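Colleague: Dropping a structure here in structure tokens format, bear with me for questions.
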Amino acid sequence: MIQLYVPLNFMGMVYREIKQAIIDIEKMFEVLERDPEVEDVPGAKPLAVSAGSVRFEDVRFSYEPDRPILKGLSFEVPAGKTVAIVGPSGAGKSTISRLLFRLYDVSGGRILIDGQDIKSVTQASLRASIGMVPQDTVLFNDTIRYNIRYGRWDASNEEVEEAARLAQIDGFIRMSPQGYETPVGERGLKLSGGEKQRVAIARTVLKAPPILVLDEATSALDSHTEAEIQGALERVSRNRTSLVIAHRLSTIVGADEIIVLDQGRIAERGTHARLLAADGLYASMWNRQREAEEARERLAQVDDDG
Ligand code: ATP
């Protein structure tokens, strides 16, 4: 009995490791496919983050030779501050986050972190310093605990649960039949877009990076979920250099600076109040979103009354 149990248990461990390796290889290929040219320069040093300021200097970029996406972009995210990028679909917002994470190299200009060109440092050290909350979070076919611990493998159970509380996903997990041991995936916990994003926030809390990049999900969230995510984000981005790629303007009203991107160029920049007063592109986007939200709320009201 014991003899049988041991090898099976061992095989379970091996299986888990193989599965993890497969997932990592998939992720590796995903990155490699995106840009096989991103390489460490010979003798690249690790990034030394002190304050954690991020600076884009005249950044130009195109995925394809004849189609420029970013056409000379300069801005700074001072250490500990939050800068939000907004703008019409296809303006190049998510491209900015991919460039900062160095999934691609810039075609012109440079990106600096605490004065160091990100091209000159090792990719591993760069990515270790940035917490990325992507639009679409990859979840593993494993327990919810494992999925959160992915942020930092040596985190204790208490730390995993504390991170989940900060990300406001702890209540949801505790309501599941096996709590933190509930498997995620086809036969277990199925997470909505908003819940997945909160798992990504919990991972980031564990990773505790000096720089945070949030690429907000495009999909509309209900106002309760949005408020929960908003609360979670405010907590993780506090005192951390944060770049927020925003689709819903309501989430970035408090940003230190809002950059309005249009066709790869900065069309406007300023605080929410100043941009509203300027009555330009931002103000018209804001008014459009408000009208859409009000219409949605009226519809919900009709549903409730009916
Ligand atoms: P959205 O608000 O819809 O998410 P966005 O402002 O974030 O849009 P990006 O995702 O940065 O826009 O894309 C900018 C442009 O680059 C788009 O026209 C898009 O089609 C193009 N693009 C994005 N990824 C690639 C790629 N891998 N290869 C070629 N073109 C791409």
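The values are calculated or read from the model by the stated rules, or taken from the named source; none is laboratory data. On a predicted model such as this, the values are computed, not experimentally measured, just so you know. Cβ coordinates were reconstructed from backbone atoms using ideal geometry, including for glycine residues, and neighbour counts include every protein chain displayed.
Colleague: Considering only the range 98-114, state which residues are among the aliphatic types (A, V, I, L, M) and in contact (Cβ under 8 Å) with a residue 60 or more places away in the chain.
Modeller: Leu100, Leu103, Ile113
Colleague: What number of residues in the range 269-285 are away from the ligand (no atom under 15 Å from the Cβ) and closer than 22 Å to Gly72 by Cβ?
Modeller: Qualifying residue count for the region: 5.
Colleague: How many of the residues making up the range 249-271 are surrounded by 17 or more Cβ atoms within 10 Å (Cβ to Cβ), of a type outside the set (A, V, I, L, M) and either out of contact with any strand residue (DSSP E or B) (no Cβ under 6 Å at 6 or more places or on another chain) or part of a loop (DSSP other than H, G, I, E, B) (or both)?
Modeller: Total satisfying the criteria: 2.
Colleague: Another one. For the range 225-236, check the following and say yes or no: at least one residue is basic (Lys, Arg) and over 30 Å from Tyr150 (Cβ atoms).
Modeller: No, every residue in the range 225-236 fails to be basic (Lys, Arg) and over 30 Å from Tyr150 (Cβ atoms).
Colleague: Do you know which of the residues in the range 91-121 that are among the aliphatic types (A, V, I, L, M) and near the ligand (Cβ under 8 Å from one of its atoms) is nearest to Ser284 (Cα to Cα)?
Modeller: Looking at the filtered set, the residue picked out is Ala91.
Colleague: Hey, another quick one. Name every residue in the range 37-90 that is part of a loop (DSSP other than H, G, I, E, B), more than 30 Å from Gln289 (Cβ to Cβ) and either within 13 Å of the ligand (Cβ to nearest atom) or among the charged types (D, E, K, R) (or both), in order of residue number.
Modeller: Glu37, Glu39, Asp40, Pro65, Asp66
Colleague: A follow-up question, please. Say whether the condition of being within 16 Å of the ligand (Cβ to nearest atom), touching a residue at least 24 places away in the same chain (Cβ under 8 Å) and in contact with a Leu (Cβ under 8 Å, 6 or more places away or on another chain) is met by at least one residue in the range 195-212.
Modeller: no
Colleague: Looking at the range 251-269, is at least one residue within 23 Å of Pro88 (Cα to Cα) and modelled with pLDDT under 85?
Modeller: There is at least one residue in the range 251-269 that is within 23 Å of Pro88 (Cα to Cα) and modelled with pLDDT under 85.
Colleague: Check the range 78-89 and report whether any residue there is without any contact (Cβ under 8 Å) to a residue 60 or more places away in the chain, hydrophobic (A, V, I, L, M, F, W, C), closer than 16 Å to Leu261 by Cα and crowded, with 16+ Cβ neighbours inside 10 Å.
Modeller: No, because not a single residue in the range 78-89 is without any contact (Cβ under 8 Å) to a residue 60 or more places away in the chain, hydrophobic (A, V, I, L, M, F, W, C), closer than 16 Å to Leu261 by Cα and crowded, with 16+ Cβ neighbours inside 10 Å.
Colleague: For the range 238-247, check the following and say yes or no: at least one residue is surrounded by fewer than 18 Cβ atoms within 10 Å (Cβ to Cβ), in contact with a strand residue (DSSP E or B) (Cβ under 7 Å, 6 or more places away or on another chain) and part of a loop (DSSP other than H, G, I, E, B).
Modeller: No: the range 238-247 contains no residue that is surrounded by fewer than 18 Cβ atoms within 10 Å (Cβ to Cβ), in contact with a strand residue (DSSP E or B) (Cβ under 7 Å, 6 or more places away or on another chain) and part of a loop (DSSP other than H, G, I, E, B).
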